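Trainee: A single structure is presented below for examination.
The values are calculated or read from the model by the stated rules, or taken from the named source; none is laboratory data. Because the structure is predicted, anything quoted here is derived from the model rather than measured. Here the Cβ is made from the backbone with ideal geometry for all residues, glycine too, and neighbour counts use every protein chain on show. Surface areas here come from the heavy atoms of the whole protein model, side chains and all, with no ligands, DNA or RNA. Shrake-Rupley method; radii C 1.70, N 1.55, O 1.52, S 1.80 Å.
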Amino acid sequence: MMNRRTLLRAGFGSALLFALPACGGDDDATASSDEKRDPADPAAATGFAVAQNAFAWDLYREFAAKEGNIFFSPFSIATALAQVTAGAKGDTAAELHRVFHTEALGDDTYAGAGSLEQLLEGAATGDDTFKLNIANSAWAQESFTFEKAYLDTLARDFGSEINVTDFVKDAEKARQEINSWVDEKTEKKIPELFPQGSITDLTRLVLANTIYFNARWETEFHPSSTSEGEFTKADGTKVMAQMMGRRGDIAYAEAPGVKAVELPYKGGRFRMLIMLPDEAAARLFDGAISPQLVDNLLAAMDTGDTLLSLPKFAFEFGQSLKESLMALGVELAFDPVAADLSGMAPAPDLHVSDVFHKAIVRTDERGTEASAATGVVVGVASMPRQFAANHPFVFAIRDSETGAILFSGRVADPVFEV
């Protein structure tokens, strides 16, 4: 059996808490839905992918304002927040659509998010070469009234498991139960998405999304080509990293101030885009990155003889997203007085109290069963172009069919600790 530590692995969890006064509710209410999931709509999926990619780089710029490594799933976050938008009304809905770039999609946002999820999962082989598992769940306070139309949307568009629990009587038990669900869905990579105290007796609903990705490279980095090398951090200090090396036909592009390569995973549909800004301009690049810049680099990709050097890296990233989302313009949904989430439940004061996200990634040489010798060591008439990721770089794992960015990050320090 293959050693699972040799694969690139990523597990994510995004979740939202909704708070209400403890007295809210209806003793006879039950949260459930008999709706079956709608089949995927490819056009709607592509529309949602375009919107979530724009949000991805907005959020990346917020994260990038601080030092250190970054890793998150814009897909997971956008999918979880789409479930909030489905229950929002009036100005609150308009604000959410604006921040997530789904204004033009309107009510098609939810079908688009669910369709994209189904198309992505349908591409997975399910064997050791490529796994991609996505799950949604809703955890509702028992004896509390939720709008049936909202619960039907969660089931029909997102395929959500709708669970009933009792936050009022035992919030800690509910927290542990939800964390266990997240841990199971991410194959034991995220044991505690919700920290202690994050779920209380005022919680009435938790929405959770998880995504687990496990893939081999189409062409491996041979372990014998890995060696110690210097990596220059943003502050100019140098650290030693395990630099993987490979030479061969690699998709490569350049734009003013940045070089990029794209490396496929097994099957070719999913790929890692690595953007390496000029060392002196890394900070400027972080602030300027946009969907247009990424699209221009992808359009300019030219496959040719390339000498690639890339550090092994493995790290975790997790935090509350409330501050970052508010900075992007999500304000009303967090406001206990102004939030209008009446599409979820008729009770007053329903609002988002927090959003949590946690991610873990590990990449090394072995991500493929294909030979590492294909064209790499054959003599050529001229020197190959070079791509040495020996200072901070930005990366994204994307679906080449829908264009959706599943994961994005920055390697500021190539630690290998997971």
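Trainee: Using +1 at the Cβ of each Lys and Arg and -1 at the Cβ of each Asp and Glu in the chain, identify which of His357, Thr92, Asn136 lies farthest towards the dipole's positive end.
Mentor: Checking the options against the dipole of the chain, the answer is His357.
Trainee: Among all the aspartates and glutamates, which ones have a C-alpha under 19 Å from Lys169's C-alpha, if same-chain residues fewer than 8 places away are not counted?
Mentor: Within the straight-line cut-off, Lys169 pairs with Asp26, Asp27, Asp28, Glu142, Glu177, Asp201.
Trainee: Over 21 Å between Cα atoms, which of Lys322/Lys358; Lys66/Lys188; Lys131/Lys173; Lys233/Lys358; Lys131/Lys188 qualify? It would help to have the intermediate numbers written out before the result.
Mentor: Working: Lys322/Lys358 13 Å; Lys66/Lys188 29 Å; Lys131/Lys173 31 Å; Lys233/Lys358 24 Å; Lys131/Lys188 15 Å.
With Cα atoms farther than 21 Å apart: Lys66/Lys188; Lys131/Lys173; Lys233/Lys358.
Trainee: Based on the alpha-carbon gyration tensor of the stretch 296-352, what equivalent-ellipsoid semi-axes (square roots of 5 times the eigenvalues) come out, in whole Å, largest first?
Mentor: Details: eigenvalues 401, 57, 22 Å².
Ellipsoid semi-axes (Å, largest first): 45, 17, 10.
Trainee: Using the Cα centre of the chain as the reference point, and only Cβ charges (+1 on K/R, -1 on D/E), how large is the resulting charge dipole? Debye, rounded to the nearest 20.
Mentor: 1480 debye
Trainee: Let me ask another. Grab the DSSP H runs of the chain that are 4 residues or longer, score each as -39,500 (n - 2.57), total them, divide by all residues and round the 222 nm result to the nearest 500 deg cm²/dmol.
Mentor: Details: 9 runs with 109 residues, N = 418.
Helix contribution divided over all residues of the chain: -8000 deg cm²/dmol.
Trainee: Can you pull a Stokes-Einstein diffusion coefficient for the stretch 165-241 at 20 °C (1.002 mPa s), Rh from Kirkwood over Cα pairs, as a whole number of µm²/s? Show your work: numbers first, answer last.
Mentor: Values: Rh = 16.4 Å.
It diffuses with D of about 130 µm²/s by this estimate.
Trainee: What number comes out for accessible area per residue over the chain if the probe is 1.4 Å? Units Å², please. Numbers along the way, then the final one.
Mentor: On the way: 16580 Å² over 418 residues.
I get 40 Å² per residue for this part.
Trainee: Let me ask something additional. Please report, in whole Å, how far the alpha carbons of the stretch 244-361 spread along each principal axis, starting with the longest.
Mentor: 62, 30, 25
Trainee: Can you bin the stretch 152-200 into rounded, prolate or oblate? Criterion: square roots of the alpha carbon gyration tensor eigenvalues sorted a ≥ b ≥ c, rounded for a/c under 1.5, prolate for a/b above b/c, oblate for the rest. Don't jump to the answer; show the numbers that get you there.
Mentor: On the way: a/c = 2.56, a/b = 1.21, b/c = 2.12.
It is oblate, given that a/c is not under 1.5 and a/b is not larger than b/c.
Trainee: Just grab the label-to-label distance for Ala43 and Arg98, each label 7 Å out from Cα along the Cβ direction, in nm (one decimal).
Mentor: Spacing of the two 7 Å Cα→Cβ label points: 2.9 nm.
Trainee: In what sequence, highest mean first, do 245-256, 65-76 appear when ranked by Cβ atoms within 10 angstrom? All intermediate terms of the calculation are to be shown ahead of the outcome.
Mentor: On the way: 245-256: 17.2, 65-76: 20.5.
Order by mean packing, descending: 65-76, 245-256.
Trainee: Using amide H atoms built in the peptide plane, which far-off residues or other-chain residues are under 5 Å from Phe416 H to H?
Mentor: Amide H neighbours of Phe416: Ala314.
Trainee: Moving to a separate point now. Residue farthest toward the positive end of the dipole of the stretch 261-309, with Cβ of Lys/Arg at +1 and Asp/Glu at -1: which of Pro264, Gln292, Thr306?
Mentor: Pro264
Trainee: What is the stretch 58-129 by shape, rounded, prolate or oblate, if you read a ≥ b ≥ c off the alpha carbon gyration tensor as root eigenvalues and call it rounded for a/c under 1.5, prolate for a/b larger than b/c, and oblate otherwise? Please report the intermediate quantities before stating the final value.
Mentor: Working: a/c = 3.01, a/b = 1.14, b/c = 2.64.
It comes out oblate by the Cα gyration axes.
Trainee: Further question: How large is the dipole of the stretch 63-182 about the Cα centre if only Lys and Arg carry +1 and Asp and Glu carry -1, each at its Cβ, rounded to the nearest 20 debye? Could the numbers behind the result be given before it?
Mentor: Details: 9 positive and 19 negative charges, 39 e Å.
The dipole magnitude comes to about 180 debye.
Trainee: Sticking with this structure for a sec: How much length, in nm to one decimal, is gained on full extension between Asp302 and Glu254, taken as 0.36 nm per residue of separation minus their Cα-Cα distance?
Mentor: Values: separation 48, 0.36 × 48 = 17.28 nm, distance 0.96 nm.
Difference between extended and current length: 16.3 nm.
Trainee: Right, something else. With each label point set 7 Å from Cα along the Cα-Cβ vector, what nm distance links Glu177 and Arg385?
Mentor: 5.6 nm
Trainee: Please build a GNM for the chain, connecting alpha carbons under 10 Å apart, and tell me which residue among Val337, Val361, Val50 fluctuates the most.
Mentor: It is Val337.
Trainee: If you consider only alpha-carbon coordinates, what radius of gyration and Dmax does the stretch 139-271 have, in Å?
Mentor: 23.0, 62
Trainee: Kirkwood Rh and Cα-based Rg: tell me the resulting Rg over Rh for the stretch 61-186, rounded to two decimals.
Mentor: Details: Rg = 16.6 Å, Rh = 16.7 Å.
Taking Rg over the Kirkwood Rh, I get 1.00.
Trainee: If you don't mind, another one. Can you give the FRET efficiency to the nearest 0.05 for Glu228 and Leu328, using r as the Cβ-Cβ distance and R₀ = 45 Å?
Mentor: 0.65
Trainee: Follow-up. Could you tell me what percent of the accessible area of the chain is made up of carbon and sulfur, with a 1.4 Å probe and every protein chain present? Could the numbers behind the result be given before it?
Mentor: Details: 8110 of 16580 Å².
Taking all protein chains in place, the chain shows 49 percent carbon and sulfur surface.
Trainee: Okay, moving on. What's the percent breakdown of Cα-Cα distances in the chain across 10 Å bins, shortest bin first?
Mentor: Binned Cα distances yield the sequence 5, 22, 32, 23, 12, 5, 1, 0.
Trainee: May I pose another question? At what distance in angstrom do the alpha carbon centres of the stretch 52-83 and the stretch 387-418 lie from each other?
Mentor: 13 Å
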